[in-house]
Structures are given as structure tokens and as C-alpha cells.
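Here is the structure we will look at.
Coordinate-derived values only; no laboratory data. Predicted model, so just to flag it, every value in this text is computed and none were measured. Cβ placement follows ideal geometry from the backbone for every residue including glycine, while neighbour counts extend to all protein chains displayed.
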Amino acid sequence: MKLLNKTLTILFFFSYLLIFAQSPNVNWVKVYESTESTVYVDTSNIKKFDEQISALGFYVYPSPIEITEIKKQAASAKARILFNNELRNFTVIGTLYYDSNWKIIGETTLQSYTLGNISVGEPIDSSKVMLSIYNKCLEKLDSIKTKPNRIELTKTKREKVEPPIDTVKSDREKLTAKFIDKKLNEEVNISIPKKADKLKEEKSSIIPTSTNPQTYNPTNEKNVKGMIFSDGTFFCFQVSSWKLKSQAEREISNLKNQGHNAFVTEINLPNRGGNWFRVRVGYFTTLEETENYQRRFRK
């Protein structure tokens, strides 16, 4: 009996290692491997929005590592990544962390990020992992674009794939994953502002109705819709948020040169590290006028 138990224990151990070493399911393709981690990308979850590419990366660590943000050790992590083709940079929008039993132990999200922050992000070439994920995304998107109408099915020998991890998600994990995807979907609606020459062409047709910040009462401000705010009388929309005032002022200067009535507001957020400087455009007299302007701003 002891020998049988020992044998079963060994078999279970090696089975676990096999599962752990594999990608979560058939759609996850290994793109990078080192002594620090093995990285996969979900080829079924690659999305393109104009010059933005959204991807889901999965990191498996040889042994649990300490994650400073959640103060716990994680055996793996799943991250939502946004690449910018034009600027060739990347931003990690949100990350879920798992323990050795594939249970979520924490999450992090980039609360203050919007796609209007054209200076936010790190160069893709600065990270071998991100470069590998990015190249796989381009490869996948290119294969979809050049895919023939008629597909010939060929028999190929496939390795046995373990059931998808997603089929055993807890309710909390599903909700958390949906939260990060929802946040990304909300934010991808705010695209990079037009180049200066194109914006100047439309300058005369998109000037806000009211341009005097002193007519706006910030104490009555409410978030009306998306990134649109109102004091009950006037409206404005937020373009970006910065920790340094100098960065916000630079963006204000750029936006004004492009013909926008941009300004900065300061807010104290103790749970996010203190004061933040929000770059906004306004003011408008109706929500409809604000939305119309915002749509033109995104183009």
C-alpha cells in the first residue's frame, strides 16, 4: 500500500509539472522562454483598433515570485497589454496574479491611463518579452488579413492539450477578468489625437461654445459619461492625467497649438499617490455638443 501511494504521488507530481509547463489552452502560443519565465500569447484574443493592438499575455514562473504591488508570491500572471503601432510603445493595462493552484491572489490596474496620453508607454524594443508578444500579434493579424476565402483542411498530428484553464475559473476570477477587459474596452474608445496639420484643417468647425473656465463650478462636478464631466451647467471631457504638472502643461501647450481649448485641473487622490493633474478640453453647453467634439477629437 505504501509503495502504491508513493507511486501515485510521483505520478501526480509529474502530471502537475506537465500541465504547468503547457500553455493554458490550444489558443495560447509560447512566444518567449528564459530562466525567469515562460510567456504565452492568446492568439484568439488579439484585437486591432486603428493604430492600437490589444493582446493577452500569460506568464509562468519556474517558482513563485514576490509581487510588490499585492505583497504576495505569484506562480503565474495574466496581463492585458496595449501596443501602439505608430509610436512603437506598449502599456500594461491590467494584470491578474495566480498562485500554484491557479487561483487568483491579486490584481493590478492602471487607473489613470487613457489613450490620449501619447507620451505614456515604454518602447517595445526595450523588452524582449514585449517584442516577442508584439511580433506574434503582427504575425497573427497578417495571417488573418491574407487568409484565402477557401481554406483547405490538412491533417496534422497534434499534441495532446490539457483542458483550458478558463473552464475552471471561479466566479470571482471571471468577474475580475471582465473588469479588466471592460476597462480596456472603455479606454480604447479614446484614440491618439490627430496630427497637428489635420487638426488645424478642422479648427474652425470644432471650437467649444464656452471657453471661460471660471464659469465652471468644480465643487458640483460629476462624471456624466465615460470621460465627460459636468457641473450641472457646463461640460468638458478629460484627455489624460499626469503625476507631474510639467507633463500636463506640455500636453496643454500641444493641444492649444492644435486649436483646442485645453486646460488643467488639479485633484488630490491619497490612495493613488497624492496630487494628479488632469488635462481637459471645454467648455460646452450640452452633452451632445461635448460628444460631437470628442468624436472629432478622436479621429
Final fewest-first order of Ser126, Ser240 on the 10 Å Cβ neighbour count is Ser126, Ser240
FRET efficiency for Asp231 and Arg295 from the Cβ-Cβ distance with R0 = 22 Å, rounded to 0.05, comes out at 0.50
In the range 24-102, the trypsin sites (Lys or Arg not before Pro) that sit in a DSSP loop and have at most 14 other Cβ atoms within 10 Å of their own Cβ are Lys71, Arg88
Computed ³J(HN,Hα) along the range 50-62: with the Karplus parameters 6.51/-1.76/1.60, θ = phi - 60°, integer Hz and x for glycine or proline, the list is 6, 9, 10, 10, 9, 9, 10, x, 10, 10, 10, 9, x
